[in-house]
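To start, the structure itself, in structure tokens.
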Amino acid sequence: MSERALATNAPLVDFESHALWGRGMSIDTTPRDDDQYHRVMDGQRIEYLAHDFLGDVRHAWVVFEFLTADLGQVVHPEEIPAGTMVRLPSRRRLEMDVLSKVVE
């Protein structure tokens, strides 16, 4: 992630036109022992979590799916309340169980 992108505070992912957004693709969000947990800090956005924990801002949709599953409701991707505990898949689970099932 470039320092310029971080400094502008502009969204790094266009959620309206994201390639996988809104396709209704179902992924397994069942809790597992290798899941990662993070308490959201004020101003943290979904794409930053994707970058920091999953290695790529383009995996923001995975963060969104896990967050929605855990909260039981849809949260706007840019408005995650500070203090929210976010559960994320491990990178291994992401590669083996999630991305391997994505068909372009």
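The set of residues in region 62-83 being charged (D, E, K, R) and over 18 Å from Asp35 (Cβ atoms) consists of Glu78, Glu79. Of the listed requirements (1) in contact with a His (Cβ under 7 Å, 6 or more places away or on another chain); (2) farther than 16 Å from Asp33 by Cα, Val86 misses just one: (2). Restricting region 26-59 to residues that are of a type in the set (Lys, Arg) and closer than 17 Å to Gly83 by Cα, the residue that is nearest to the chain's Cα centre (by Cα) is Arg45. Selection of region 30-76 for residues being small (Gly, Ala, Ser) and either within 22 Å of Met96 (Cβ to Cβ) or crowded, with 21+ Cβ neighbours inside 10 Å (or both) yields Ala50, Gly55, Ala60, Ala69. Scanning region 60-84 for residues that are in contact with a helix residue (DSSP H, G or I) (Cβ under 8 Å, 6 or more places away or on another chain) and aliphatic (A, V, I, L, M) returns Ala60, Val62, Val63, Leu67, Val74, Val75, Ile80. On the stretch given as region 12-41, residues that are at pLDDT 90 or above and out of contact with any Phe, Trp or Tyr (no Cβ under 8 Å at 6 or more places or on another chain) total 10.
Among the residues of region 56-104, which ones are part of a helix (DSSP H, G or I), of a type in the set (D, E, K, R) and in contact with a strand residue (DSSP E or B) (Cβ under 7 Å, 6 or more places away or on another chain)?
Asp70 - this is the single residue of region 56-104 that is part of a helix (DSSP H, G or I), of a type in the set (D, E, K, R) and in contact with a strand residue (DSSP E or B) (Cβ under 7 Å, 6 or more places away or on another chain).
Pairs linking a residue in region 57-85 that is over 20 Å from Glu95 (Cβ atoms) to a residue that is at pLDDT 85 or above and of a type in the set (Lys, Arg), with Cβ atoms under 6 Å and 6 or more positions apart or on different chains, are Asp70/Arg87; Glu78/Arg45; Met85/Arg39.
The values are calculated or read from the model by the stated rules, or taken from the named source; none is laboratory data. None of these values were measured; they are calculated from a predicted model. Using ideal geometry, Cβ is built from the backbone for each residue, glycine included, and neighbour counts are taken over all protein chains shown.
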